[in-house]
1. Once both labels are modelled 7 Å past Cα along the beta-carbon direction, what's the Phe104-Ile136 spacing in nm?
2. Starting from 0.36 nm per residue, how many nanometres of slack lie between Tyr197 and Asn171 once their C-alpha separation is accounted for?
3. What residues qualify as long-range amide H neighbours of Met204, i.e. H under 5 Å apart, gap of 5 or more or another chain, H built at 1.01 Å from N?
4. Could you pull out every whole DSSP H run in the chain that spans at least 15 Å of Cα extent along its own axis and averages 1.0 or higher on the Kyte-Doolittle scale?
5. Residues of the range 7-42 with the amide nitrogen closer than 13 Å to a label point 7 Å from the Cα of Tyr62, along Cα-to-Cβ, please.
6. Just to be sure I understand: with springs between alpha-carbon atoms less than 10 Å apart, which residue in Thr87, Thr115, Thr56 has the highest mean-square fluctuation in the Gaussian network model of the chain?
7. With a 1.4 Å probe and every protein chain left in place, tell me how much accessible area Phe15 has, in Å² to the nearest 10.
8. I need the semi-axes of the equivalent ellipsoid of the chain: take the C-alpha gyration tensor, multiply each eigenvalue by 5, square-root it, list largest first in whole angstrom.
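The values are calculated or read from the model by the stated rules, or taken from the named source; none is laboratory data. Fair warning: this is a prediction, and the values are worked out from it, not measured in the lab. Ideal geometry is used to build each Cβ from the backbone, glycine not excepted, and the neighbour counts take in all protein chains shown. The protein model used for the area step is the full one, side chains on, heavy atoms only, and it has no ligands, DNA or RNA in it. Shrake-Rupley method; radii C 1.70, N 1.55, O 1.52, S 1.80 Å.
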Amino acid sequence: MSIIGALVSIVYNVFFMRGEEGFRRVESFSKLIFILCTLTLMFRRPDRVIITGFITLLLGLYYPGMEWALSTLVLTSILGAYMGLSTLLSNFLGWSSLSIFQVFMVVVRTISFSTTIIFIVAILSPRALSNILRKIGLKKLVVHIPILIWRLIPYGMKWFTESLMIGYLKNERVTTRIPVVAAGVIEVGQYLEEYSYYRLNSEMKKPILLVKEEYTSDIILIVVSFLMLLLL
């Protein structure tokens, strides 16, 4: 498989590998407090972004799991390497004069910051988002968009990976497979719109029930308490 196909697989593992479970089932208020505390700590105390990265990586080992953590480290390491090489190039051109240790810290902070943001996105619940949109008064199609996107994007990524594999076996270039993938995703979107017409164009009369998992809310609240101490 090509490098692009491998990256697509990594992104799929990072964001769409697990379903509606784990920290996605934590109640929205607790999750919102966690996200606000994490973002506030990163932006108000940039020197502690490594701590937030380490904490979110540990939480990610619990959910979504080891495969998520490994895929996230690979993806963020690519970003970190890019930032490190860019900084070295800047030193070489005379635009900056950072030491090797400072360049290393740029890489580590990039990995930590990216890991934290990825974890926040990974624990967002499309069902909870739909319930929130319903609660604030939005109706019909807009309410169903989070779940619709959650179904369509993973399918498109899987379709893209399979198409690249077929192209690899046929010795075709990656660029020749992109139109095939685009056509397939558009067709699936049309099928979803056709078969779910009445659901997409009707109001959500009741919120979607979310079954809470034991301990996940407690873990998040404990982490929130620790983050608040770091803000002091």
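1. 4.4
2. 5.4 nm
3. Lys140
4. On the way: long enough: 3-16 (19 Å, 2.24); 28-44 (23 Å, 1.51); 49-62 (20 Å, 2.30); 66-93 (40 Å, 1.21); 100-122 (33 Å, 2.03); 141-169 (41 Å, 1.09); 174-195 (32 Å, 0.57); 216-231 (23 Å, 2.49).
For the chain, where a helix must reach 15 Å along its axis and average at least 1.0, the hits are 3-16, 28-44, 49-62, 66-93, 100-122, 141-169, 216-231.
5. Only 22-27, 31 pass the distance filter.
6. Of the options given, Thr87 has the highest mean-square fluctuation.
7. 50
8. They are 33, 29, 15 Å, listed largest first.
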